[in-house]
Amino acid sequence: MSQHVLVTGGAGFIGSHTVVQLVNAGHQVTILDNLSNSSIIALERIKKLCTGPLDFIEGDIRNPSLLEKLFSDHDITAVIHFAGLKAVGESVEKPLEYYENNVGGTTQLLKAMQHAGVKTFIFSSSATVYGDPETLPITEDSPRSTTNPYGQTKLMCEHILEDLDQTQDGWKIILLRYFNPVGAHISGTIGESPAGTPNNLMPFVSQVASGRRDTLSVFGNDYPTKDGTGVRDYIHVEDLAEGHLAALNYLLEQPDNTLQAINLGTGKGISVLELVNAFEQASGQQIPYQISPRRSGDIATCYADATRAKSLLGWQATKTVEDMCNDTWRWQSQNPNGYDA
Ligand code: NAD
Ligand code: WQD
């Protein structure tokens with residue numbers, strides 16, 4: 001059944017891929033994005049990949065009058081909330097900006113939704129809410145804890161949504177906990193475009209492969225893992241986008257007062273050196289690296305138990321690490337500077 005979905009942060013990395021899939025599945029989509037970490041070029045590219053119309057509003061989720069007007073002008077039936085700040089290191093330097101944007105922004109959005117009677121909500125959470133896991137793979141019932149302000153904002157939003165579910169009628173909520181999103185659209189026209197030096201492994205590796213950076217620093221090779229380097233559950237952004245469509249379909253069939261936390265991962269752990277090797281294969285380029293000290297706050301290993309997503313949503317990741325590297329490389333080669341000219 002076609003829905004009118006408000007996608008906050010829909011011009012960003014994960015949002016852009018999800019918007020394309022939503023529109024092409026027949027949903028009506030309105031994007032709300034302040035373009036603080038995305039670009040109008042991304043929007044033009046998204047539109048080209050869409051088989052139907054797409055509505056874009058440039059604005060901020062922290063603007064209550066804009067939200068009120070948006071909900072009164074549009075017959076929105078569900079919200080997918082990607083908008084937020086996401087850099088762990090920056091969150092340590094600027095905690096107030098992170099709390100204001102991620103927690104304050106989410107609260108403003110939920111208030112506007114409550115006022116408008118729109119109560120179907122999909123939230124971009126993160127495996128970061130599991131902190132340093134005691135057991136692997138990580139299930140949704142694993143204990144939650146965080147080690148930095150970014151992680152705190154995600155955990156606080158989860159608590160806010162749990163309180164809403166407990167105390168208010170009519171909400172249908174899914175907390176999607178993403179593991180490590182990578183990859184790009186198969187066209188090579190949309191992808192991840194980090195500003196400045198990338199914090200995350202995949203964009204750094206792809207920029208070394210393309211010659212934009214000289215050497216990758218591998219943060220530690222003395223972890224208790226298969227080759228001593230950190231192990232993560234990398235998931236293709238197109239699989240992640242499909243997970244949002246499956247979550248939306250699931251929520252539409254549920255009775256009111258539903259809240260589910262669901263991991264979106266592949267269930268497989270890949271080490272830093274395995275990813276580097278896979279990227280060398282995909283790109284045909286050598287990726288020079290040096291072993292550097294561990295990065296503060298990093299954990300050894302993190303991968304999902306993805307069985308709940310399969311049983312509740314009928315969703316599972318299908319893309320391989322080769323797909324992730326091939327698609328990232330296509331995006332990187334066609335757009336050496338991301339969306340910047
Ligand atoms: P992104 O930065 O590419 O996209 C976020 C978008 O939100 C950007 O387009 C930005 O301009 C917009 N935005 C930020 N603050 C806003 C505001 N106040 N009002 C309106 N728009 C605003 O990030 P992404 O990688 O696509 O991540 C999307 C969501 O998923 C984020 O909430 C992030 O915390 C979460 N998440 C990301 C990852 C990851 O590794 N990429 C992992 C787990 C969770
Ligand atoms: C992966 C592995 C690094 C860069 C982060 C956030 C998390 C989530 C996803 C939003 C680790 C190693 C990295 C480099 C390296 N985001 N590495 N050299 O840390 O698992 O998760 O992004 O919710 O909250 O913390 O991802 O890609 O930064 O690191 O050796 O230049 O690559 O040590 O083992 P991480 P990452």
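The values are calculated or read from the model by the stated rules, or taken from the named source; none is laboratory data. If you're wondering where the values come from, they're calculated on a predicted model, not measured in any experiment. A quick note on method: Cβ atoms are made from the backbone with ideal geometry, for glycine too, and the neighbour counts reach across all protein chains shown. Only protein heavy atoms, including side chains, enter the accessible area calculation; ligands, DNA and RNA are left aside. Shrake-Rupley method; radii C 1.70, N 1.55, O 1.52, S 1.80 Å.
Observations on the structure shown:
- Between helix 272-283 and the chain there is an angle of about 90 degrees, using the helix long axis and the longest principal axis of the Cα atoms.
- Dipole-positive endmost among VAL118, TYR130, LEU96 within segment 84-172 (Cβ charges, Cα centre): VAL118
- Using the Cβ-Cβ distance between SER145 and ASP227 with R0 set to 22 Å, the FRET efficiency works out to roughly 0.20.
- The Cα center of segment 181-249 and the Cα center of segment 131-147 differ in position by 21 Å.
- Sorted largest first, the spans of the alpha carbon positions of segment 175-254 along the three principal axes are 49, 35, 20 Å.
- For segment 93-185, with all protein chains in place and a probe radius of 1.4 Å, 47% of the accessible heavy-atom surface sits on carbon or sulfur.
- Given their separation in residues at 0.36 nm each and the Cα-Cα distance between them, SER36 and THR107 gain 23.7 nm when the chain is fully extended.
- Selection among ALA247, HIS185, ASN277 by position relative to the dipole of segment 140-284 gives ASN277 as farthest towards the positive end (Cβ unit charges, Cα centre).
- Heavy-atom accessible surface of segment 34-86: percent carbon and sulfur, 1.4 Å: 51
- Accessible-area order (highest first, 1.4 angstrom probe) of the listed residues LYS86, LYS319, LYS154: LYS86, LYS319, LYS154
- Take the Cα of ASP73, go 7 Å toward its beta carbon, and the backbone nitrogen atoms of segment 2-33 under 13 Å from that spot belong to 30-33.
- Cα centroid separation - segment 37-75 against segment 275-341, whole Å: 28
- Surface accessible to a 1.4 Å probe, THR215 within the full protein complex, Å²: 50
- When the chain is treated as a GNM with alpha-carbon contacts under 10 Å, the residue of GLY297, GLY15, GLY243 showing the greatest mean-square fluctuation is GLY297.
- Over the chain - Rg/Rh using Cα atoms and the Kirkwood inverse-distance radius: 0.95
- Translational D in µm²/s for segment 99-216 (Stokes-Einstein at 4 °C, 1.567 mPa s, Kirkwood Rh from C-alpha pairs): 77
- Per residue of the chain, the DSSP helices (runs of n ≥ 4 H) give a summed -39500 (n - 2.57) that works out to -11000 deg cm²/dmol at 222 nm.
- Largest GNM mean-square fluctuation among GLU162, GLU274, GLU58, using the chain with Cα springs under 10 Å: GLU58.
- Each residue of segment 153-162 was assigned a 3J(HN,Hα) from its phi angle through the Karplus expression (A = 6.51, B = -1.76, C = 1.60, θ = phi - 60°), giving 5, 5, 5, 4, 5, 4, 5, 4, 5, 5 Hz with x at Gly and Pro.
- In sequence order, calculated HN-Hα J values of segment 32-47 (Karplus, 6.51, -1.76, 1.60; Hz; x Gly/Pro): 10, 8, 8, 6, 5, 9, 7, 8, 5, 5, 4, 5, 4, 5, 4, 4
- Å² per residue, accessible surface of the chain at 1.4 Å: 43
- A Cβ-based charge dipole, computed about the Cα centre of the chain with Lys and Arg at +1 and Asp and Glu at -1, lands at about 400 debye.
- Residues with amide H under 5 Å from that of TYR289, placed H, sequence gap 5 or more: LEU216
- GNM flexibility winner over the chain from ILE173, ILE57, ILE287 (Cα, springs under 10 Å): ILE57
- For LYS94, solvent-accessible area (1.4 Å; no DNA, RNA or ligand), Å²: 80
- Summarised in one figure, the compactness ratio Rg/Rh of segment 14-98, Cα atoms and Kirkwood Rh, is 1.00.
- Here the accessible area is traced with a 1.4 Å probe on the protein chains. For segment 190-341, carbon and sulfur cover 43 percent of it.
- Vicinal HN-Hα couplings computed from phi for segment 327-335 (Karplus, 6.51 cos²θ - 1.76 cosθ + 1.60; Hz; Gly/Pro x): 6, 5, 5, 4, 4, 5, 5, 7, 9
- Length-normalised contact order for segment 107-250 - Cα pairs under 8 Å, 6+ apart - percent: 23
- Net charge of neighbours whose Cβ lies under 11 Å from the Cβ of ILE287, counting Lys and Arg as +1 and Asp and Glu as -1: -1
- Relative contact order for the chain, counting Cα pairs under 8 Å that sit 6 or more residues apart, in percent: 19
- DSSP bridge pairs, the chain: antiparallel proportion in percent, nearest 5: 5
- Accessible-area order (highest first, 1.4 angstrom probe) of the listed residues ASP323, ASP233, ASP340: ASP340, ASP323, ASP233
- Dipole of the chain computed with +1 at Lys/Arg Cβ and -1 at Asp/Glu Cβ about the Cα centre; of ILE41, ALA341, LEU201, farthest Cα towards the positive end is ALA341.
- Cα gyration tensor shape for segment 62-108, rounded if a/c is under 1.5, else prolate or oblate: prolate
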